[in-house]
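Undergrad: Pasting a structure below so you can have a look.
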Amino acid sequence: MHEPQRKPDDDLILRVEDLAVHFPLGGGLFGRERRLLRAVDGVDLSLRRGECLGLVGESGSGKSTVALSILGLLKPTHGHIVVDGREVATDSQSADRKALARTVQIVFQDPYASLNPRQTVRRTLEDPLRVHGVAAKSEIEDRVATMLKHVGLRPEQADRYPHEFSGGQRQRIGIARALILNPKIVICDEPVSALDVSIRAQIINLLLELKDTLGLSYIMISHDLGVVEHMSDRVAVMYLGRIVENGDWREIFERPAHPYTQALIAAIPDPLRHAPLATTGGDLPNPLNPPNGCAFSPRCRYAEAVCRSEPGPVLETRPDGHAVRCWRSEEIAGQAALASSLSGHP
Ligand SMILES: Nc1ncnc2c1ncn2[C@@H]1O[C@H](COP(=O)(O)OP(=O)(O)OP(=O)(O)O)[C@@H](O)[C@H]1O
Ligand code: SF4
Ligand SMILES: [Mg+2]
């Protein structure tokens, strides 16, 4: 990371501005036709200190690409990422990368695939401390033992290998590895979707507890709005590389203004939830050949001629901070509120 290039905003620990990540792909028989896959296209996000931002969207919407860019592991095509007042450099030197790794860490979806099967838990947790030189030799053992207790494991389990643990315990090790360097931001990329339903709540509760105890800020990535509903202060909804709705979690869940958000909420498996507000069939369009106008128009039950015209809707932010990318959002939000009041549920 370079020295601060702009005035740091003390309240914001992360600012992502106009982020684009385009992958050039070879096409045609001899790879002559180069095409651009716009995995992320003009994304703005911010994260306040101590906040949990839910980032949701179906598979392929660009969530992990945003995460990898923030971690400095993917080079953005353009845009700015400012972490704790410092711009993440796209051509960063190893010292900058190390500084970034001490500030932002990630918990991956599959704890088994992301742990080295030939390394004991102790080695997994000690290596980052050594590489970053952040703990004296005499302190390392204590730091590992304390971290294991934080995540609900016993220090004497440190000499075991990943295969000796259950799925939930492995994810606890993944969380310990992410936290061992005392980061300020943790990106949780689908942290419970590979786990048994019966233990998901335990891991979510652990993450919430650690956030408070250690004063962390989270980006909680999930294709399932049900997961972020319980954790997030704010929610950003992604569709085909763009944010389509962003706001306070209560606004998003009680007054969803974008048809796609409404469809995601309707898909939350909750028997107490009222009838779906809207349903969405079909798949995410091919990102190499996105639809004209609004990218959601081929699947949107509210689509009209204006929705298919060029250019598509822009993300409009209301005075209360609720932002929506839809030509008809006011009308649609009104209908959703009416459906909600008729169903008798909040
Ligand atoms: N290295 C890459 N090269 C080419 N295309 C890529 C690369 N990484 C991601 N993509 C494409 O970018 C788009 C966004 O992918 P991404 O993994 O960010 O989505 P996601 O929202 O995290 O999905 P999931 O929920 O499945 O994890 C997809 O179309 C994907 O195929
Ligand atoms: S702009 Fe039109 S097609 Fe797009 S989400 Fe809104 S109503 Fe649907
Ligand atoms: Mg992903």
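The numbers here are math on the coordinates, done by the rules we state, and not lab data. Computed from a predicted model, the values in this text were never measured in an experiment. Virtual Cβ from ideal backbone geometry, glycine too; neighbours counted across all protein chains shown.
Undergrad: Ratio to report: Rg/Rh of the stretch 14-156, with Cα atoms as the point set and Rh obtained by the Kirkwood method; give two decimals.
TA: Ratio value, two decimals: 1.04.
Undergrad: For every helix of n ≥ 4 consecutive DSSP H residues, a contribution of -39,500 (n - 2.57) applies; sum these over the chain, divide by its total residues, and give [θ] at 222 nm rounded to the nearest 500 deg cm²/dmol.
TA: Working: 10 runs with 109 residues, N = 346.
Theoretical 222 nm ellipticity from helices: -9500 deg cm²/dmol.
Undergrad: Over all pairs of distinct alpha carbons, what does the Kirkwood formula give as the hydrodynamic radius of the stretch 12-261, in Å?
TA: Numbers: mean 1/r = 0.0526 Å⁻¹.
Roughly 19.0 Å, rounded to one decimal.
Undergrad: In addition: How large is the dipole of the stretch 46-99 about the Cα centre if only Lys and Arg carry +1 and Asp and Glu carry -1, each at its Cβ, rounded to the nearest 20 debye? Don't skip to the answer; put the middle values down first.
TA: Details: 7 positive and 6 negative charges, 21 e Å.
Dipole about the Cα centre, nearest 20: 100 debye.
Undergrad: Turning to a different aspect of this structure: Using a simple charge model, +1 on the beta-carbon of Lys and Arg, -1 on the beta-carbon of Asp and Glu, nothing else, what dipole does the chain show about its Cα centre, in debye to the nearest 20?
TA: Details: 41 positive and 44 negative charges, 170 e Å.
Dipole size: approximately 820 debye.
Undergrad: Compare the Cα positions of Gln109, Cys188, Ala145 along the charge dipole of the stretch 68-207 (+1 at Cβ of Lys, Arg; -1 at Cβ of Asp, Glu; about the Cα centre) and return the one farthest towards the positive end.
TA: Ala145
Undergrad: Sort 18-25, 235-242 for me by packing, meaning the mean count of neighbouring Cβ atoms within 10 Å per residue, highest on top. Write down the numbers at each step before the final one.
TA: Details: 18-25: 15.8, 235-242: 25.0.
The peptides rank, most packed first, as 235-242, 18-25.
Undergrad: Now, a different point. Can you run the Rg to Rh ratio on the stretch 100-240? Use alpha carbon positions and the Kirkwood inverse-distance Rh. All intermediate terms of the calculation are to be shown ahead of the outcome.
TA: On the way: Rg = 14.8 Å, Rh = 15.4 Å.
Ratio value, two decimals: 0.96.
Undergrad: Okay, next question. Could you count how many Lys pairs in the stretch 12-261 have their Cα atoms under 17 Å apart, skipping same-chain pairs fewer than 8 positions apart?
TA: Numbers: Lys63/Lys75; Lys75/Lys98; Lys98/Lys184; Lys149/Lys211; Lys184/Lys211.
The result is 5.
Undergrad: Select from Leu100, Ile204, Gly167 the residue farthest towards the positive end of the dipole of the stretch 12-261; place +1 on Cβ of Lys and Arg, -1 on Cβ of Asp and Glu, and compute about the Cα centre.
TA: Most positive-ward Cα: Leu100.
Undergrad: Sum up the charges of everything whose Cβ sits under 12 Å from the Cβ of Gly42, counting Lys and Arg as +1 and Asp and Glu as -1, but leave Gly42 out.
TA: -1
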